[in-house]
1. Give the residue that is farthest from the other protein chains (Cβ to nearest Cβ), with candidates limited to residues of region C:39-61 that are touching a residue at least 60 places away in the same chain (Cβ under 8 Å) and open to solvent by 20 Å² or more (accessible area, probe 1.4 Å).
2. For residues that are assigned to a strand (DSSP E or B), open to solvent by 50 Å² or more (accessible area, probe 1.4 Å) and either among the small types (G, A, S) or within 14 Å of chain A (Cβ to nearest Cβ) (or both), tally how many sit in region B:118-134.
3. Tell me which residues, restricted to region B:65-83, are over 30 Å from A:E12 (Cβ atoms), within 15 Å of the chain's Cα centre (by Cα) and polar (S, T, N, Q).
4. Report, by residue number, each residue of region A:1-26 that is free of Cβ contacts under 8 Å to residues at least 12 places away in the same chain and closer than 20 Å to A:V123 by Cα.
5. Here is a check on your reading of the model: is B:A30 open to solvent by less than 20 Å² (accessible area, probe 1.4 Å) and either within 14 Å of chain A (Cβ to nearest Cβ) or within 24 Å of B:Y101 (Cβ to Cβ) (or both)?
6. For residues that are farther than 17 Å from B:D32 by Cβ and outside any strand (DSSP E or B), scanning just region B:62-117, find the one that is most open to solvent (accessible area, probe 1.4 Å).
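The values are calculated or read from the model by the stated rules, or taken from the named source; none is laboratory data. Bear in mind the structure is a predicted one, so any value in this text is a computation, not a measurement. All Cβ positions, even for glycine, are placed from backbone atoms using ideal geometry, and neighbour counts span all protein chains on display. The protein model used for the area step is the full one, side chains on, heavy atoms only, and it has no ligands, DNA or RNA in it. Shrake-Rupley method; radii C 1.70, N 1.55, O 1.52, S 1.80 Å.
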Amino acid sequence: MSDLETRIARLEAESDIRRLKARYLNACDAKDLDAIRACFTEDAVIDFPPLGAFDLDGLIGIFTQMAATTPITDVHQGHNAEIEVAGDDASARWNLGYATYDPRAGSFRLLATFYHDRYRRTVGGWRICYTRSEPRAIVDGALAEGGVKAGWVTA
Amino acid sequence: MSDLETRIARLEAESDIRRLKARYLNACDAKDLDAIRACFTEDAVIDFPPLGAFDLDGLIGIFTQMAATTPITDVHQGHNAEIEVAGDDASARWNLGYATYDPRAGSFRLLATFYHDRYRRTVGGWRICYTRSEPRAIVDGALAEGGVKAGWVTA
Amino acid sequence: MSDLETRIARLEAESDIRRLKARYLNACDAKDLDAIRACFTEDAVIDFPPLGAFDLDGLIGIFTQMAATTPITDVHQGHNAEIEVAGDDASARWNLGYATYDPRAGSFRLLATFYHDRYRRTVGGWRICYTRSEPRAIVDGALAEGGVKAGWVTA
């Protein structure tokens, strides 16, 4: 019975971590600063080259400056999760698809990125305590009349 | 023991709901009308702005008209599932990546959308009883000679 | 108790198969040949039209030739998994998003593909014993000055 409980707990941890990462990425798209903050431990370390390395306040600050107070539309989608749980700690590698559209410049950027995360189980549930991005492909472009023959509309 | 069974049942429900949503999205891509219909409860409410709001027959009708009897290729891919299970009911927010290619016009549309779903456990398994899309980014374009310098081929 | 263990084992199998597929796709992006090989049974059958059908050595050979010794950047992201487990065997249908960028030609290719997989539980864990791709949408393009008004940079 004790072994069954250990096995169930590991499956629940993985389920909670998937939900946590999903909540974080959706909150980024929704520009929900409180929801983003709530996904991290207070001592979280965030390393997003070439943007920089941040503590949690720093991440919220950068996000506020680049996204939450601007008309850009971001799309963060997480894939290929390799989650490993060990008690109250866990780690994962993710493959992120990201796109951002800027109506002011009519430009877009597409990224494919590996994410290397570490998680900690707290009294409030699992939280991200470390996350480092490893950019792999960056495509910059413009959506303009006569160019890509594409327009864009934020819904 | 009873508590372990409750915990296992919740994990199974989440697994079944992921499989259900995957089956639905893949069936849309495969233009499999019977498989699409089988993912919903008979009283399902479908709200897909700006397309409209539908009952199940209405959804199948629109899909038949736009996709199942035309040469378009659709790609529906579901991400960032935040699934919450409560007994025989469940809800989820998803982040959908969608692309559609129309060979008749040489055009394409890319969408990033939030989906807000509700599910019900029936005697036949979990089914979608409510789904509402919230479009966030829409990119329209043309794939044409001399323009995007891209062609397309449906396999 | 025995029934609970069977139910837990099925959930663990699905979790392991998701992790296996993620590891495989991420290893393809990372061009990690050893990690790719380790995802398969020795007798695996790989069928990737229009590229061809391969045994495991053949897959590693093709991958070495096309990706591991070239400057291309690949992005493999797996979605919409419909996983069915039956004891020590399993199957799944996936919806794959794939992009490849070739700096030598300034070109890219985007694919949406169904994957039909079979898995076997070995002493070393779950492995892919059969995988067949079914291409559905192929978009070829060029990223060039004056064309798509987009450049690309591998990070």
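1. C:D43
2. Here the count works out to 2.
3. B:T73
4. If the condition is that a residue be free of Cβ contacts under 8 Å to residues at least 12 places away in the same chain and closer than 20 Å to A:V123 by Cα, then A:E5, A:T6, A:I8, A:A9, A:L11, A:E12, A:S15, A:R19 are the ones that fit.
5. On the way: open to solvent by less than 20 Å² (accessible area, probe 1.4 Å): no; either within 14 Å of chain A (Cβ to nearest Cβ) or within 24 Å of B:Y101 (Cβ to Cβ) (or both): yes.
Against the criterion (open to solvent by less than 20 Å² (accessible area, probe 1.4 Å) and either within 14 Å of chain A (Cβ to nearest Cβ) or within 24 Å of B:Y101 (Cβ to Cβ) (or both)), B:A30 does not qualify.
6. B:R104
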